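These notes are about the structure you will find just below.
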Amino acid sequence: MNEIRFHNTLSNRLEALAPLHPGEVRIYTCGPTVYDFAHIGNFRTFVFQDILRRFLLSRGLRVMQVMNLTDVDDRIIQKAAEAGVSIREYTEKYIEAFLADMAALNLQAPEEIVRATDHVEDMVDLIERLKEKGLTYESEGSIYYRIAKFPEYGKLSKIDVGGMKAGARVDNDRYEKDDARDFALWKAPKPGEHFWETRIGPGRPGWHIECSAMAMKYLGETLDIHTGGVDLTFPHHENEIAQSEAATGHPFARMWMHAEHLIIEGEKMSKSLGNFFTLRDLFMKGQKPSTIRYLLLSVPYRRQLNFTGDSLKQAEASVERLRNFVTRLKTEGFAAGSNAKIEKLADKAEEDFDAGLADDLNTAFSLAAIFDLVREVNTAMDRGEFRQQDAPRIVAAMQKFDPILAVLNDDDADKLAKVGFVPKKPRMNAEAVEALIEQRNVAKKRRDFKKSDEIRQQLADSGIILEDSKDGSVRWKYK
RNA sequence: GGCGCGGUACCCAAGUGGUAAGGGAGAGGUCUGCAAAACCUUUAUGCGUGGGUUCGAUUCCCACCCGCGCCUCCA
């Protein structure tokens, strides 16, 4: 098997994965800020992270992944106040929605999903450590990190912060800082705002400190991989490095992996452009979970992904092709015996699939390996060169791919129902479908094709596709 | 301006110093009562532009153009 190599933002090159604790990969994943429903762009990043962990698991590695939920920040405080509820109550709804959305997209739950507000103590501890080392200062009740004390600042984003002058920019926080580059570790409470009473005074945590504190609590002072969207590289991850490494004296994350953004119809997604989609928006429009997951995983994570109506159609058709193939394998009858060539095709596909992923999660390459297999096996079937005993081998290959792709085995409607999305019009149940198919069979026997075609059309209007096979049996599926 | 990602057929997209994977879509064909599914053929003498290195470059070097992101607590 090929060596696993990932692109490390820190070195800006491909590096072999070498976990600190052999056999186990410790990953920290920047999760969502739960002030609203997560959008499709967020899920592009989360799908990348899911592919990452699933691939590592497929290699027999243990994965310890921690994902945070940022459940306290300016927006949350403001919105909760507007709604007249506590931060906890306000975020609960969006956390539940996020977990449901994850399940809908077949995103495996990380080993730990942790909330910032459950870890204020850990953050206070970390801030105290920084304080003892003389890396902080206080101003109007807030505590800041003094960037000037961390010479390596900027090593991740390669941003030369030397030019940024204090007061040169509008400070969104409207707190007084000595240097524009400095960031808040702890924010003094504003009147009427929710705050924590702690050893370092009343207030609430800054954004960056939660990730450092929680990552180190669950994964140790040095983790193997830290992931997030490209936009987090600066300042968020840069600040995490500054805080963590200054406090411990050890490297914080050995490898940083960042997912490129998703754009919509060639444009940046934004609320003002009206191209801002949540998952539920897409489900309401009739998009299937498998379609969305496939589209998000089919473009390698370091490439910008253009999310368009056309690309959704293409993704849906691709998933359909794969599913049709599996159905054919399982339902069609083949002549007895086996064909050594088929075994080789399966071996090659499995090898290539894995090699693609090992090469910085090149999902496009891996998918091509699968489609090569699909085409070659279909051809062999059509030519009568595929035998009964070949089927289990190919089914096994497909079942080897799906723990990573996770788009083959689910029934989309069931999936949606399970996570609480109810389609606008209910599907025709299986009994009704079978009954109509039987009527059509009778008509066909009489060679009353007008009638049989009417029935087929009737089913098609209800989203049922029929496939007549040579032996007279009829396969059907929901569109 | 700085940092980063990218510009490959109608669309999505892989890729290598030696002559362009895969998927979708279109066209034609096989199969079928007709469909669906599947298969076959077909759609880039060319991979943003201009130079250079080389026997040979889409792949290496230089310059330039264009798109996008970050540099403002947006994945």
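The values are calculated or read from the model by the stated rules, or taken from the named source; none is laboratory data. A quick note: this is a predicted structure, and the numbers were derived from the prediction, not measured. Glycine gets a Cβ as well: all are built from the backbone with ideal geometry, and neighbour counts include every protein chain shown. Surface accessibility is based on the protein's heavy atoms, side chains included, excluding ligands, DNA and RNA. Shrake-Rupley method; radii C 1.70, N 1.55, O 1.52, S 1.80 Å.
Only one of A:Asn378, A:Asn441, A:Asn362, A:Asn409 is surrounded by fewer than 17 Cβ atoms within 10 Å (Cβ to Cβ), more than 21 Å from A:Asn324 (Cβ to Cβ), free of Cβ contacts under 8 Å to residues at least 60 places away in the same chain and of a type in the set (S, T, N, Q). Can you tell me which? Reasoning before the result, please.
Working: A:Asn378 fails: more than 21 Å from A:Asn324 (Cβ to Cβ); A:Asn362 fails: free of Cβ contacts under 8 Å to residues at least 60 places away in the same chain; A:Asn409 fails: more than 21 Å from A:Asn324 (Cβ to Cβ).
Of A:Asn378, A:Asn441, A:Asn362, A:Asn409, the one residue that is surrounded by fewer than 17 Cβ atoms within 10 Å (Cβ to Cβ), more than 21 Å from A:Asn324 (Cβ to Cβ), free of Cβ contacts under 8 Å to residues at least 60 places away in the same chain and of a type in the set (S, T, N, Q) is A:Asn441.
Going by the structure shown, is A:Leu52 in contact with a helix residue (DSSP H, G or I) (Cβ under 7 Å, 6 or more places away or on another chain), within 15 Å of RNA strand B (Cβ to nearest atom) and within 30 Å of A:Asp359 (Cα to Cα)?
Working: in contact with a helix residue (DSSP H, G or I) (Cβ under 7 Å, 6 or more places away or on another chain): no; within 15 Å of RNA strand B (Cβ to nearest atom): yes; within 30 Å of A:Asp359 (Cα to Cα): yes.
Spelling it out, it is not the case that A:Leu52 is in contact with a helix residue (DSSP H, G or I) (Cβ under 7 Å, 6 or more places away or on another chain), within 15 Å of RNA strand B (Cβ to nearest atom) and within 30 Å of A:Asp359 (Cα to Cα).
Would you mention how many residues in region A:35-47 are open to solvent by 10 Å² or more (accessible area, probe 1.4 Å) and more than 9 Å from RNA strand B (Cβ to nearest atom)?
Number of matching residues: 1.
As an exercise: evaluate A:Val63 against (1) more than 16 Å from RNA strand B (Cβ to nearest atom); (2) touching a residue at least 40 places away in the same chain (Cβ under 8 Å); (3) open to solvent by 20 Å² or more (accessible area, probe 1.4 Å) and give the number of the one condition it does not meet.
Going through (1) more than 16 Å from RNA strand B (Cβ to nearest atom); (2) touching a residue at least 40 places away in the same chain (Cβ under 8 Å); (3) open to solvent by 20 Å² or more (accessible area, probe 1.4 Å) one by one, A:Val63 breaks only (3).
Condition first: open to solvent by 70 Å² or more (accessible area, probe 1.4 Å), closer than 30 Å to A:Asp471 by Cα and within 8 Å of RNA strand B (Cβ to nearest atom). Can you find one or more residues in region A:321-332 that meet it?
yes
Taking A:Lys450 and the conditions (1) within 16 Å of RNA strand B (Cβ to nearest atom); (2) crowded, with 17+ Cβ neighbours inside 10 Å, which numbered condition does it fall short on, given that it satisfies the others?
Against the list (1) within 16 Å of RNA strand B (Cβ to nearest atom); (2) crowded, with 17+ Cβ neighbours inside 10 Å, A:Lys450 comes up short only on (2).
Can you name every residue in region A:412-442 that is acidic (Asp, Glu) and either farther than 16 Å from A:Ala100 by Cα or in contact with a His (Cβ under 7 Å, 6 or more places away or on another chain) (or both)?
Correct list: A:Glu431, A:Glu434, A:Glu438.
Tell me, which residue of region A:261-298 that is in a loop (DSSP other than H, G, I, E, B), closer than 17 Å to A:His39 by Cβ and in contact (Cβ under 8 Å) with a residue 60 or more places away in the chain is most open to solvent (accessible area, probe 1.4 Å)?
Going through the qualifying residues, I end up with A:His261.
Restricting attention to region A:299-320, which residues are of a type outside the set (Lys, Arg), surrounded by fewer than 20 Cβ atoms within 10 Å (Cβ to Cβ), in a helix (DSSP H, G or I) and within 8 Å of RNA strand B (Cβ to nearest atom)?
Hits for region A:299-320 are A:Asp310, A:Ser311, A:Gln314, A:Ala317, A:Ser318, A:Glu320.
Filter region A:1-34 down to residues that are among the hydroxyl-bearing types (Ser, Thr, Tyr) and not in a loop (DSSP other than H, G, I, E, B) and give me whichever is surrounded by the most Cβ atoms within 10 Å (Cβ to Cβ). Spell out how you get there, then give the answer.
The initial filter retains those residues of region A:1-34 that are among the hydroxyl-bearing types (Ser, Thr, Tyr), namely A:9, A:11, A:28-29, A:33.
Now restrict to residues that are not in a loop (DSSP other than H, G, I, E, B): A:28-29, A:33.
On the way: A:Tyr28: 28, A:Thr29: 25, A:Thr33: 21.
Among residues in region A:1-34 that are among the hydroxyl-bearing types (Ser, Thr, Tyr) and not in a loop (DSSP other than H, G, I, E, B), the one surrounded by the most Cβ atoms within 10 Å (Cβ to Cβ) is A:Tyr28.
Based on what the data block shows, is A:Lys288 more than 11 Å from RNA strand B (Cβ to nearest atom), farther than 25 Å from A:Leu10 by Cβ and either assigned by TED's automatic domain parsing to the domain that holds A:Asn42 or of a type in the set (Lys, Arg) (or both)?
yes
For every residue, the table says whether it meets (1) at pLDDT 95 or above; (2) over 25 Å from A:Asp101 (Cα atoms).
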| site | (1), (2) |
| --- | --- |
| A:Gly206 | no, yes |
| A:Ile225 | yes, no |
| A:Pro235 | no, yes |
| A:Phe277 | no, no |
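On the basis of being free of Cβ contacts under 8 Å to residues at least 60 places away in the same chain and closer than 25 Å to A:Pro423 by Cβ, does A:Lys451 make the cut?
On the way: free of Cβ contacts under 8 Å to residues at least 60 places away in the same chain: yes; closer than 25 Å to A:Pro423 by Cβ: no.
No; evaluated as a whole, the condition is false for this residue.
So, in region A:129-156, of the ones that are more than 23 Å from A:Lys190 (Cα to Cα) and free of Cβ contacts under 8 Å to residues at least 40 places away in the same chain, which residue ends up most open to solvent (accessible area, probe 1.4 Å)?
Ranking the candidates gives A:Glu132 first.
Looking only at region A:229-247, how many residues end up being of a type in the set (Asp, Glu) and open to solvent by 10 Å² or more (accessible area, probe 1.4 Å)?
Result for region A:229-247: 2.
Under the condition of being touching a helix residue (DSSP H, G or I) at 6+ places or on another chain (Cβ under 9 Å) and near RNA strand B (Cβ under 8 Å from one of its atoms), which residue from region A:10-34 is farthest from A:Ile76 (Cα to Cα)?
The residue in question is A:Cys30.
I need a count of the residues in region A:399-418 that are modelled with pLDDT of 95 or more and either touching an Asp or Glu at 6+ places or on another chain (Cβ under 7 Å) or within 14 Å of RNA strand B (Cβ to nearest atom) (or both).
Number satisfying all stated conditions: 5.
For the structure I just gave you, tell me whether A:Leu69 is more than 17 Å from the chain's Cα centre (by Cα), of a type in the set (A, V, I, L, M, F, W, C) and buried (at least 16 other Cβ atoms within 10 Å of the Cβ).
no
Which condition number in (1) under 25 Å from the mean Cα position of the chain (by Cα); (2) assigned by TED's automatic domain parsing to the domain that holds A:Phe37 is the one that A:Thr248 fails?
Failed condition: (1).
Which one is farthest from RNA strand B (Cβ to nearest atom), of the residues in region A:241-269 that are touching a strand residue (DSSP E or B) at 6+ places or on another chain (Cβ under 9 Å) and polar (S, T, N, Q)?
A:Ser244
From the residues in region A:419-438 that are open to solvent by 100 Å² or more (accessible area, probe 1.4 Å) and among the acidic types (Asp, Glu), which one is nearest to RNA strand B (Cβ to nearest atom)?
Result: A:Glu438.
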